[in-house]
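No lab work stands behind these numbers, since they all come straight from the coordinates. All of these numbers come straight from a predicted model, not from anything done at the bench. Positions of Cβ are generated from backbone atoms using ideal geometry, with glycine treated the same way; all protein chains shown enter the neighbour counts.
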2 protein chains.
Amino acid sequence: MTFARDVTLRQLRGFAEVLRRGSVAAAAERLNLTAPAVSTQLKTLETLVGAPVLDRTGGALRPTEVGEELVRTMRLIETALARCDERIALLRAGAAGLVRLGVVSTGKYFAPGLVARFNRANPGITLHLTIGNRDDIVEALGAHGIDMAVMGRPPESLEVVARRLGPHPYVMIAPPDHPLANRPMVEAEALLSETFLARELGSGTRTLMMRELDQLGGGRSYRVVEMASNETIKQAVMAGLGIAMLSAHTVHTELAEGKLVALAVPGLPVMRHWFLIHLADEEPSPAATVFRDFVLSLDGAFLPGAAGQGTENRA
Amino acid sequence: MTFARDVTLRQLRGFAEVLRRGSVAAAAERLNLTAPAVSTQLKTLETLVGAPVLDRTGGALRPTEVGEELVRTMRLIETALARCDERIALLRAGAAGLVRLGVVSTGKYFAPGLVARFNRANPGITLHLTIGNRDDIVEALGAHGIDMAVMGRPPESLEVVARRLGPHPYVMIAPPDHPLANRPMVEAEALLSETFLARELGSGTRTLMMRELDQLGGGRSYRVVEMASNETIKQAVMAGLGIAMLSAHTVHTELAEGKLVALAVPGLPVMRHWFLIHLADEEPSPAATVFRDFVLSLDGAFLPGAAGQGTENRA
DNA sequence: CCCTCCCATAAAAATAATTTATGACTTTCG
DNA sequence: CGAAAGTCATAAATTATTTTTATGGGAGGG
């Protein structure tokens with residue numbers, strides 16, 4: 001490193017322009033400078049480099065070998081800067097960029113399809129999808145590990161902007177051959193005698209279920225067996241181990257295929273909402289804004305079993 | 001072009017350093033600046049780019065997408081400059097570079113070998129070889145089309161530095177079955193009755209020949225047939241069309257193989273010299289200097305039929 | 001031979017970068 | 001919970017750098 005850390009772009013530009021125009025004066029004019037300014041740039045450059053960069057002998061103005069090396073380098077730099085400029089313009093216009101999206105586990109049944117749809121519509125924007133449980137997603141959002149999140153109920157621990165994406169129904173599921181299946185109305189009494197399969201305490205669905213059952217039974221106790229994942233619960237219900245309350249979007253396929261049925265419990269399905277969330281203190285990037293507008297414009301059409309139903313925005 | 005023409009390397013370096021160190025203060029220390037200086041650089045950079053480059057929300061200091069683009073570009077620029085620096089160091093040390101060498105036609109019998117030898121000894125230096133008649137070479141030298149030239153008799157039309165490379169004998173050649181061949185001594189009388197094959201007026205060899213013959217014959221006239229090239233003359237002499245004076249180096253092979261013989265004319269062979277020449281007003285590049293030293297150190301050993309004979313330098 | 005154009009240098013002016021001084025905000029630790 | 005330490009941004013002042021104006025010395029052209 002002899003000159004590289006002290007040389008300036010102006011010097012290199014001045015030099016390159018002198019070679020292009022063939023004279024100091026012409027270069028100066030083009031650079032909106034006076035001739036002495038460019039002359040000084042050249043001199044400084046030669047001092048820094050430690051060797052002549054111009055060969056003035058014999059009329060013509062030619063670069064020395066060192067000078068040619070500098071011009072070559074300057075060309076590289078100029079194209080790098082031009083590319084950078086161009087790319088930043090794209091980023092600013094939202095025509096390129098990266099959006100890191102987190103979706104809670106329940107969303108795994110529609111999130112991939114949503115990502116695919118978005119990718120098709122916006123090839124320039126890369127969408128990173130993270131699926132995790134609610135806590136992970138909230139933490140990632142708070143730690144700037146993701147830019148936006150899709151979840152039910154916005155987190156209270158963070159200052160966020162949340163927008164409704166569409167309805168999120170919860171149903172009580174049972175196997176098709178369950179005694180309570182096909183009943184036009186399931187009484188609280190009968191329901192509370194069942195065994196309930198549910199996620200651990202703290203899970204959003206668990207909380208919701210307990211609230212519903214407490215309300216229904218007026219505080220009567222009931223039996224809960226905990227399971228690690230919605231998928232496990234689904235399988236266990238089909239196997240006849242008990243019944244469970246789950247997001248309808250989690251069991252959409254099984255309901256449609258008749259592998260599971262939704263019980264006609266009063267107050268069910270519980271209607272919640274899906275939200276698109278980002279931190280309030282961070283302006284979403286242009287690309288993220290493009291994604292947000294895209295998702296909102298779908299109006300819930302990406303949700304299982306939906307073909308676009310009206311929802312109001314803003315939580 | 002929005003920011004590319006106004007951004008400075010210092011700004012980009014400051015920004016990159018902040019990201020590397022994780023803080024403005026640490027970056028400032030490393031750059032031998034104070035924190036406010038770097039802080040200002042960042043602000044100016046963001047103004048120029050028109051978008052934030054740093055994301056300060058939430059403790060950590062991360063680049064925005066735009067910032068990442070800038071860092072990527074800065075890396076390109078830094079490596080380009082480092083490479084340039086390295087290469088210039090080589091050029092300055094004479095370990096790399098280009099030497100454009102011009103050699104007069106007569107030299108075509110040894111120049112390629114000389115170039116090959118030099119290439120083997122100095123792989124970093126590229127040697128461009130131009131072979132042309134004396135006028136072309138002199139013109140190219142004056143027009144900076146070549147850096148150095150090998151020729152007999154330095155040109156008077158240019159201010160040059162000339163150094164002797166080795167002896168340059170001229171001989172009078174004839175076919176082996178010529179009546180004057182094998183004579184221990186050829187008289188002027190007999191010689192001047194011959195037909196002389198020669199290059200056009202102005203050719204160095206022609207001038208030399210005429211001077212010799214005039215001196216030998218005391219002004220007596222003789223017959224000259226002009227031919228376009230030394231090669232043609234050689235062939236014509238072998239075919240018996242006449243005799244000719246040529247550089248011994250031009251006919252070295254034919255003499256060795258007995259296809260031609262040198263006549264024993266008084267005063268012959270005329271001893272001239274080969275010179276290595278460059279313009280006096282131009283300092284030879286390091287690479288050219290390396291070439292010059294190389295050639296001089298050979299001490300004429302590259303000339304046909306020579307195995308290194310002493311010559312004084314400096315014309 | 002003179003005139004003009006071009007370039008380099010020097011001094012002056014303008015501009016830009018940096019430092020010192022200061023205050024606000026955040027994090028850390030008692 | 002509050003004090004202390006650290007970090008960063010801003011403003012004003014200083015210092016560096018760049019540029020311009022002014023000037024003189026060649027080189028090419030009429």
Q) In straight Cα distance, which lysines are under 18 Å from residue A:108, not counting same-chain residues fewer than 8 positions off? A) A:234
Q | Fewest-first ranking of B:281, B:85, B:147, using other Cβ atoms within 10 Å as the exposure measure | A | B:281, B:85, B:147
Q. Under a plain spin-label model, where a point goes 7 Å from the Cα along Cα-to-Cβ, how far apart in nm are residue B:83 and residue A:60?
A. 2.7 nm
Q) Relative to the longest principal axis of chain B, what angle (0 to 90°, nearest 10) does the C-alpha long axis of helix B:204-217 take? A) 20 degrees
Q.
Taking θ = phi - 60°, what integer Hz values does the Karplus form 6.51 cos²θ - 1.76 cosθ + 1.60 yield along the stretch A:234-239, in sequence order, with x for Gly and Pro?
A. 4, 5, 5, 4, 4, 7
Q. With labels modelled as points extended 7 Å from the Cα through the Cβ direction, what inter-label distance (nm, one decimal) is found for residue A:29 paired with residue A:95?
A. 3.6 nm
Q) When Cβ neighbours within 10 Å are restricted to other protein chains, what is their mean count per residue of peptide B:63-72? A) 4
Q) What residue among A:235, A:11, A:215 has the largest mean-square fluctuation in a Gaussian network model of chain A, using Cα springs under 10 Å? A) A:11
Q: Would you mind calculating the relative contact order of the stretch A:9-93 from Cα pairs under 8 angstrom and at least 6 residues apart, reporting the percent as a whole number?
A: 25 percent
Q) If each residue's Cβ is checked for other Cβ atoms within 10 Å, how do A:144, B:252, A:278 rank with the fewest at the top? A) A:144, B:252, A:278
Q) Mind listing the phi-derived Karplus ³J(HN,Hα) values for the stretch B:132-139, rounded to whole Hz, using 6.51, -1.76 and 1.60 with θ = phi - 60°, and x for any glycine or proline? A) x, 6, 3, 4, 4, 5, 4, 5
(Q) Running a GNM on chain A with Cα contacts under 10 Å, which residue among A:104, A:171, A:53 ends up with the highest mean-square fluctuation? (A) A:53
Q: Using the number of other C-beta atoms within 10 angstrom as an exposure proxy, rank A:226, B:200 with the fewest first.
A: B:200, A:226
Q.
Could you tell me the center-to-center distance, by alpha carbons, between the stretch B:115-130 and the stretch B:17-75 in angstrom?
A. 48 Å
Q: In nm, give the distance between the simple-model label positions of residue B:143 and residue B:5, each being 7 Å from the Cα along the Cα-to-Cβ direction.
A: 3.6 nm
Q: Determine the shielding of peptide B:7-17 by partner chains: average, over its residues, the number of Cβ atoms on other chains within 10 angstrom of each Cβ.
A: 2
Q | Within the stretch B:79-120: Cβ-based charge dipole about Cα centre, in debye rounded to nearest 20 (Lys, Arg +1; Asp, Glu -1) | A | 160 debye
**Q.** chain A: angle of helix A:286-298 to the longest principal axis, Cα-based, in degrees nearest 10
**A.** 30 degrees
Q: Would you please give the residues with an amide H less than 5 Å from that of residue A:64, counting only those at least 5 places away or on a separate chain, with H modeled from the backbone geometry?
A: A:54, A:55
Q. By the gyration tensor of its Cα atoms, with a ≥ b ≥ c the square roots of the eigenvalues, what is the shape of the stretch B:9-93: rounded for a/c under 1.5, prolate for a/b over b/c, or oblate?
A. prolate
Q) Which of these, B:137, B:125, B:77, has the largest mean-square fluctuation under a Gaussian network model of chain B (Cα springs below 10 Å)? A) B:77
Q.
Sort A:62-73, A:257-268 by the packing proxy (mean of other Cβ within 10 Å over each peptide's residues), most packed first.
A. A:62-73, A:257-268
Q | Mean separation of Cα contacts under 8 Å, 6 or more apart, over the residue count of the stretch B:169-271: relative contact order % | A | 52 percent
Q. Calculated from DSSP H runs of 4 or more alone, at -39500 (n - 2.57) each and per residue, what is the 222 nm mean residue ellipticity of chain A, nearest 500?
A. -13000 deg cm²/dmol
Q: Note down, for the protein assembly as shown, the three equivalent ellipsoid semi-axes (square root of 5 times each alpha carbon gyration tensor eigenvalue), biggest first, whole angstrom.
A: 93, 29, 18
**Q.** Spin-label proximity, residue A:226 to the stretch A:179-205 - amide N less than 16 Å from point 7 Å beyond Cα toward beta carbon
**A.** A:196-205
Q) Say a label goes 7 Å from Cα toward Cβ at residue B:239 in every copy; what distances in nm does this one have to the rest, shortest first? A) 10.6
Q) Per-residue HN-Hα couplings for the stretch A:62-76, Karplus 6.51 cos²θ - 1.76 cosθ + 1.60 at θ = phi - 60°, whole Hz, x for Gly and Pro? A) 10, x, 6, 4, 4, x, 4, 4, 5, 5, 4, 4, 4, 4, 4
Q.
Taking amide H atoms as placed 1.01 Å from N in the peptide plane, list the residues 5 or more away in sequence, or in a different chain, whose amide H sits under 5 Å from that of residue A:225.
A. A:196, A:197, A:198
Q: Report, as an integer, the average count of C-beta atoms from other chains found within 10 Å of each Cβ along A:152-165.
A: 0
Q: Please report the relative contact order for chain B, taking Cα pairs under 8 Å with a sequence separation of at least 6, and give it as a percent rounded to a whole number.
A: 21 percent
(Q) Can you give me the long-range amide H partners of residue A:127? Hydrogens built in the peptide plane at 1.01 Å from N, cutoff under 5 Å, separation of 5 or more residues or another chain. (A) A:99
